[in-house]
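The next block holds one structure in the form of structure tokens; read it before the comments.
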């Protein structure tokens with residue numbers, strides 16, 4: 001995750017420089033391109049991390065069990081968690 005934090009810090013710096021508005025058009029475009037690459041790198045790293053995320057769900061008999069988190073594009077992340085428990 002160190003790369004994520006580094007990329008995020010770099011992205012924040014790029015955004016701050018762009019927001020100041022003290023750059024030439026060429027510098028702004030170059031920084032914007034750099035920011036897009038950093039944003040993409042952050043997104044990729046977050047997606048990889050999400051793939052490893054696990055959630056604890058209540059198992060049968062009141063115990064806890066670990067289940068892989070199902071991440072759908074439509075943000076319906078908990079649709080099939082706990083269906084069998086009821």
Cβ contacts < 6 Å: first residue touching a residue at least 12 places away in the same chain (Cβ under 8 Å), restricted to segment 18-30; second residue exposed (fewer than 13 other Cβ atoms within 10 Å of the Cβ), any location; separation 6+ or different chain. Result?
none
So which of 46, 11, 25, 71 ends up being surrounded by 10 or more Cβ atoms within 10 Å (Cβ to Cβ) and modelled with pLDDT of 95 or more?
11
Residues in segment 9-27 that are closer than 22 Å to residue 43 by Cα and touching a helix residue (DSSP H, G or I) at 6+ places or on another chain (Cβ under 8 Å): how many?
6
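The values are calculated or read from the model by the stated rules, or taken from the named source; none is laboratory data. Keep in mind that what you see is a predicted model, and the values were worked out from it rather than measured. Every residue, glycine among them, receives a Cβ derived from its backbone with ideal geometry; neighbour counts consider all protein chains shown.
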